[in-house]
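Worksheet: one structure, shown below.
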Amino acid sequence: MLTPLVLAQASPSAAQDAQETNAATADEVSPAEEATSIEDAADGRVTSPQISTAELSHLLVPLTKSELEDVSRTWFDTVRSKTREIAELQAERARNPQEGDDPRIARIVELVEERARLLERFTLALESLERKGGDEALVAELKAYRSSILYEETALASTRALVGSFFVWLGRRDGGLAVLQSVLIAVLALAGIVLAARFVRGFARMWIKRFTNISKLLQGFIVGAIFWIFILVGLVVVLSSVNVDITPLFAVIGGASFILAFAFQDTLGNLASGLMIMINQPFDEGDFIEVGGVGGTVKNVSIVGTTIATPDNKIIVVPNKNVWGNVIVNATASDTRRVDLVFSASYDDPIQDVLDVITQEVANHSKVLSEPAADIRATDLAASSVDFVCRPWVKAEDYWDVKTDLTRRVKEAFEREGLSMPYPQQDVHLKGQAPA
């Protein structure tokens, strides 16, 4: 059984006698008796009103459930005794009110502050008892008492007493000053974490550019992941440094992970598809792709969607699962592209003359590649014309310039050489006598 509060507050003469007795018999104490005396001394401190919260937190660790029940009851008696003093003084003020400054208010504020420190230590013992599987009924009873006295006193207290208690709390080292210190530490630490995370992100971006086989999309994803993981770890460290218990948060996240998996299954599907896109690299940032009926230049791939800019500068965000689950056409994946053009000439124009004109214009274009050679030939005998295909090879970035230039140049060359590009024609034959 632990030493009760009365023994912790023994008289000075008794304490002096005990010290003399211990000094006289110190040489005769066995190791087992010495360990017992140390444990008794710790038990005495664990219920001392003068103990600090830091020391009490350490001394509560080795205590068993039954020992913690005794400690909690002792702290309960101490808090109840202080609460009785406050209640009697409040009752006296109600019985004998005093106009003007009442010195009893200052005394009440002082007692409330003393009781607040006792409640803090009482709460530490109670929480330790609850974590170690203490009697649920006892824990609930002590918690209910702690909550009820605070509520009832606040409801019955005068405005002056509440204001006085608040200002006293603001000036306490373990009250308002401690809160202000924790807030300042958290703000400064958060600013430092953000700056450090930006530095780490810049270093990671420079480092990852050395790996040329990694796509720009995957590089951006890795750099962003490093940035947010650094901030997350930093926040955990900061919260721990200001004595914020984050264990319940992890417990809640762990318990809700199954529910969250169902609630965000579409988001998780988009995330998985985004990772597959970045790893398999069917396209990269700046490529022109066609997917799901949308064509444009890839601007970005996030964890949920792919951002595409159309040629008329419309921004379209396609969910990643729709991108990965559809046929992807990448028009700029290769260094070279083939331009497919079709020109029509009249049946009256010699085929060789038409081929010579088209071949000459293709050869004169500076952006057309000599290898592989352009494919130019007559392909179809259409209803109103003979169709010729023209298929030169160009660099991927020159595709649109060559396509539009050759269309214009061949049309002008036909006009110079007297060749015609007929439009669809239809002959209409009328039967019967013509009207008068």
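With the charge dipole of region 339-387 set up from +1 on Lys and Arg Cβ and -1 on Asp and Glu Cβ about the Cα centre, the Cα lying farthest toward the positive end among the listed residues 350, 365, 384 is that of 365.
Relative to the Cα centre, the charge distribution of region 279-436, modelled as +1 at Lys and Arg Cβ and -1 at Asp and Glu Cβ, gives a dipole magnitude of about 540 debye.
Which entries in the list 209/299; 82/143; 314/367; 367/411; 299/367 go over 22 Å, if you measure between the two C-alpha atoms of each? Beyond 22 Å between Cα atoms: 314/367; 299/367.
Every number here is computed from the coordinates shown, using simple stated rules; none is lab data. Fair warning: this is a prediction, and the values are worked out from it, not measured in the lab. Positions of Cβ are backbone-derived with ideal geometry, glycine not excepted, and every protein chain shown enters the neighbour counts.
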